[in-house]
């Protein structure tokens, strides 16, 4: 039987039978993968040590005739252990995994794997604020899905200018000039960084970022609801 080897992150797991477990993985080259880990719940299992939550593992598997493959071997590459030391970071980690799983098809691009890996890196860093991290993650989900807003020109096609106030129009994914607008060029610069392929740490280092993040969060949530299936 032909075996395949890949890196993998656990998306979900379900106990099956007396000692087995059905594992849902995200991989960079096989999309989403379901595999049965036989005997993994036994104390002497050779598979258990190489597959943990909030980790990146090297796995090998034999494709199944149906949708479920068979896990053959596992090796832990990196475990982000600080995540599980903090309940809030653990819960946020579960939420981000679930969100990415819902937002993607069975064969997502490899960038989604690397996004989740980067999210684990950020969750493992206590210096990164959780609200900022989650905002960054949502921006990246939108970017990968092809729903980056226009952060260069307004609804009239004019370049966004310093000194002006803007409101955001979710249906057009653009800012519109408005004397009563709640957004300025600092918000727009912040969003440009958040929607670019940068890390959560880069976004967290922006001066005044906490205040900007509070203002921007509602807009990003509206874009998620409009464009991502969650």
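The numbers here are math on the coordinates, done by the rules we state, and not lab data. Fair warning: this is a prediction, and the values are worked out from it, not measured in the lab. Cβ placement follows ideal geometry from the backbone for every residue including glycine, while neighbour counts extend to all protein chains displayed.
Rounded, prolate or oblate, given the Cα gyration tensor of the range 175-230, with a/c below 1.5 counting as rounded? Walk me through the intermediate numbers first.
Details: a/c = 1.89, a/b = 1.05, b/c = 1.81.
The shape class here is oblate.
With the cut-off at under 20 Å, measuring from each backbone N in the range 165-184 to a point 7 Å along the Cα-to-Cβ line of residue 207 picks out 184. Fully extending the segment from residue 162 to residue 19 would add 45.3 nm, taking 0.36 nm per residue of separation and subtracting the current Cα-Cα distance. Put simply, the convex hull of the Cα atoms in the range 114-230 casts, on average, a shadow of 7.1 nm².
Can you figure out the FRET efficiency of residue 48 with residue 131, using R₀ = 35 Å and their beta-carbon distance, to the nearest 0.05? Can you show the working numbers first?
Working: r = 34 Å, r/R0 = 0.97.
Result of the calculation: an efficiency of 0.55.
Which order results if 51, 97 are arranged by neighbouring Cβ count within 10 Å, fewest first? Please report the intermediate quantities before stating the final value.
Working: 51 25, 97 21.
Starting with the residue having the fewest Cβ neighbours, the order is 97, 51.
Annotation: extensible slack from residue 107 through residue 60 equals 15.1 nm (criterion: 0.36 nm per residue apart, minus Cα-Cα distance). The distance between label points at residue 217 and residue 198 comes to 2.0 nm (points 7 Å beyond Cα on the Cα→Cβ vector). The calculated FRET efficiency for residue 2 paired with residue 79, based on their beta-carbon distance and R0 = 25 Å, is about 0.30.
Label-to-label distance, residue 70 versus residue 229, with points set 7 angstrom from Cα along the beta-carbon direction: 3.2 nm. Overall, the anisotropy analysis places the range 4-79 in the oblate class: the square-rooted eigenvalues a ≥ b ≥ c of its C-alpha gyration tensor yield a/c not less than 1.5, with a/b not exceeding b/c. Seen against the Cα atoms of the chain and their longest principal axis, helix 87-103 is set at about 90 degrees.
When only C-alpha pairs under 8 Å and at least 6 residues apart count, what is the relative contact order of the chain, in percent? Provide the component values of the computation, followed by the final result.
Values: 406 pairs, mean separation 33.6, N = 230.
Relative contact order comes out at 15 percent.
Sorting 40, 56 by the number of Cβ atoms found within 10 Å of their own Cβ, with the fewest placed first, yields 56, 40.
Between rounded, prolate and oblate, where does the chain land on the alpha carbon gyration tensor, with a ≥ b ≥ c its root eigenvalues, rounded for a/c under 1.5, else prolate if a/b exceeds b/c? Prolate, since a/c reaches 1.5 and a/b exceeds b/c.
If the segment from residue 87 to residue 121 were pulled out straight at 0.36 nm per residue, it would be longer than the present Cα-Cα gap by 10.6 nm. Based on DSSP H segments of at least four residues, each scored -39500 (n - 2.57), the chain has a per-residue ellipticity at 222 nm of -11500 deg cm²/dmol.
Fewest to most neighbouring Cβ within 10 Å: what's the order for 180, 192?
The order, fewest Cβ neighbours first, is 180, 192.
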